[in-house]
1. Relative contact order for region 110-248: what percent, with Cα pairs under 8 Å and sequence separation of 6 or more?
2. Would you calculate, for the chain, the mean residue ellipticity at 222 nm contributed by helices, counting each DSSP H stretch of 4 or more residues as -39,500 (n - 2.57) and dividing by all residues, to the nearest 500?
3. Which one of THR229, LEU121, GLY200 has its Cα pushed farthest toward the positive end of the charge dipole of region 110-248, where Lys and Arg give +1 and Asp and Glu give -1 at the Cβ?
4. Could you list, bin by bin from short to long, the percent of Cα-Cα pairs of region 1-74 in 5 Å steps?
5. Sort 26-34, 38-46, 62-70 for me by packing, meaning the mean count of neighbouring Cβ atoms within 10 Å per residue, highest on top.
6. Lys/Arg Cβ at +1, Asp/Glu Cβ at -1, dipole of the chain taken about the Cα centre: which of SER187, GLN33, THR245 is farthest positive-ward?
7. Pairing the Cα long axis of helix 268-277 with the longest principal axis of the chain, what angle in degrees results, from 0 to 90 and rounded to the nearest 10?
8. Where does each of 106-119, 219-232, 258-271 land if you order them by average Cβ count within 10 Å, highest first?
Amino acid sequence: MTPQAEEADRYAVIGHPIAHSRSPWIHAQFARQTAQHLSYGSLDVAPAELSQRVREFFAHSGRGLNVTVPHKQAVLELMDSLSERARIAGAVNTIVRETDDRLLGDNTDGIGFVRDLTHNLGVSVAARRVLLLGAGGAARGLLAPLLALEPSELVIANRSPERALELARDFAGRGAVRGAGFTELESQPFELIVNATAAGLQQQLPPLPVSVLRRAAVCYDLGYAHGATPFVLWAREHGVARSFTGAGMLVEQAAESFLLWRGVRPDTAAVLAALRDE
């Protein structure tokens with residue numbers, strides 16, 4: 001059998017909803033660039049079906065999964081082992097089927113975000129006040145890498161203050177971090193604001209007072225869309241010119257996943273440029 005006739009290794013992204021995901025397109029670009037023989041699809045899976053669908057995927061020769069909203073914490077219990085960064089984050093966005101068929105859970109969100117923020121966009125975090133919106137799996141993946149950049153303070157804000165407070169306690173040993181509710185932010189200016197909520201999926205905004213933008217130099221939305229997200233539009237309308245969607249993070253974290261699966265790191269600059277051109 002020729003290499004071309006061999007069945008391609010199977011990968012996919014799993015989430016709910018998933019139709020908006022650009023991950024299949026990104027990984028197709030990576031595969032073409034690196035001459036890797038693989039297929040990459042998408043799986044729209046409701047929370048109640050998660051365990052069954054993950055096990056079915058790997059039972060039918062699946063090699064790896066990316067995990068997105070709302071499953072990043074729920075898949076933890078399905079893993080046989082966790083990487084150190086997934087353990088610290090308490091969330092998984094990449095699953096690797098190892099040679100003995102055990103499932104390894106990893107988290108490439110943090111490294112992908114930091115690489116886009118610091119390398120691609122040239123943003124400095126040290127000694128700045130940072131506001132992180134949301135306390136779910138997406139936010140958890142960013143906390144340790146963000147705190148390692150030594151902001152003067154990192155405030156986690158969430159619609160449910162209790163979840164933000166709990167998350168801040170979990171990461172208290174890694175830097176100056178505290179939790180708050182959105183209603184507590186009225187008089188607190190920040191230099192970097194990161195939106196890790198899922199509000200953009202419903203074309204909505206987190207309930208933020210405009211005053212948080214008073215000293216903002218950069219706003220970053222983990223969400224992405226054709227054009228700007230509601231959060232990015234809101235920030236730009238109120239004078240924050242350096243406001244970005246999560247397209248760069250999406251490509252960078254995908255490259256880290258690809259490296260875990262295939263042993264080669266693709267060129268992200270070319271793919272990110274093509275994604276923005278779309």
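1. Once divided by the residue count of region 110-248, the mean separation gives 21 percent.
2. My calculation for the chain gives -9500 deg cm²/dmol from helical runs alone.
3. Going by the charge dipole, the pick is LEU121.
4. Distribution as computed: 3, 15, 26, 22, 18, 9, 5, 2, 0 percent.
5. Order by mean packing, descending: 62-70, 26-34, 38-46.
6. Final value for the positive-end residue is SER187.
7. 70
8. In descending order of packing, they fall as 106-119, 219-232, 258-271.
The numbers here are math on the coordinates, done by the rules we state, and not lab data. A quick note: this is a predicted structure, and the numbers were derived from the prediction, not measured. Here Cβ is always computed from backbone atoms with ideal geometry, including for glycine, and neighbour counts include all displayed protein chains.
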